[in-house]
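Asker: Here it is, the structure, as structure tokens.
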Amino acid sequence: MTIDTKAELRQAILEQLGTGKAKAIPGKVLAQRLGERDTRSTRLAMIDLIVEKGIPIVFSAKGYYIAETPEECKEALKKLRKYGVMLFRHYKYLKLAARKKFSGQMSLKF
């Protein structure tokens, strides 16, 4: 499959994704089906579909899919929140460690 534009990639993703958790597709499999080298472009395109089109694309341990029920969205949101908290904690303590180790050697204006 040859995909030349972001719009074509988004459309191809919608054609591949199933509705409901039972039809989840792993990110690597989705990328392979679309002819992408890795999952980065497909993940970014799915975010675009969520933001621009309001399509509730969620994930589970089995992969990505379009949410069929509010519960599927709630489950994905709960996981994203936990992941976000973990990322912020990592950021906070890395910043502190960098200040301690590289005091005066680098600017940390984040």
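Asker: Placing +1 on the Cβ of each Lys and Arg and -1 on the Cβ of each Asp and Glu in region 6-101, which of Y83, T69, Q16 has its Cα farthest towards the positive end of the resulting dipole?
Answerer: Toward the positive end, the furthest listed residue is Y83.
Asker: Report, in deg cm²/dmol and to the nearest 500, the calculated mean residue ellipticity at 222 nm for the chain, where each DSSP H run with n ≥ 4 adds -39500 (n - 2.57) and the sum is divided by the residue count.
Answerer: -19500 deg cm²/dmol
Asker: Please report the net charge: other residues with Cβ closer than 12 Å to the Cβ of I47, K and R +1, D and E -1.
Answerer: The answer is +3.
Asker: Could you derive backbone 3J(HN,Hα) for region 81-95 from the dihedral phi with the Karplus parameters 6.51, -1.76 and 1.60 (θ = phi - 60°), listing whole Hz in sequence and x where the residue is Gly or Pro?
Answerer: Karplus values, whole Hz, x for Gly and Pro: 4, 4, 5, x, 4, 4, 5, 5, 4, 4, 4, 4, 6, 5, 4.
Asker: Separate question: Convex hull volume of the Cα atoms in the chain, per residue, in Å³?
Answerer: Values: hull volume 15.8 nm³, N = 110.
Expressed per residue, the convex hull around the Cα atoms of the chain is 143 Å³.
Asker: Taking the Cα centre of the chain as origin, sum charge times position over the Cβ atoms of Lys and Arg (+1) and Asp and Glu (-1), and report the length of that vector in debye to the nearest 20.
Answerer: My answer is approximately 1020 debye.
Asker: Name all residues of region 40-68 having a backbone nitrogen under 18 Å from the label point set 7 Å from the Cα of L77 along its Cα→Cβ direction, giving them as ranges.
Answerer: Only 47, 50-60, 65-68 pass the distance filter.
Asker: Quickly work out the V29-to-Q16 label distance, labels modelled 7 Å from Cα along the C-beta direction, and quote it in nm with one decimal.
Answerer: About 1.1 nm, to one decimal.
Asker: Taking just the C-alpha trace of region 32-90, give me its Rg and Dmax in Å.
Answerer: Cα-based Rg and Dmax for region 32-90 come out at 12.7, 36 Å.
Quick note: the coordinates plus some simple rules give every number you see, no bench work behind them. Just so we're clear, the structure is a prediction, and the values are computed from it rather than from any experiment. No Cβ is skipped: glycine too gets one built from the backbone with ideal geometry, and neighbour counts run over all protein chains shown.
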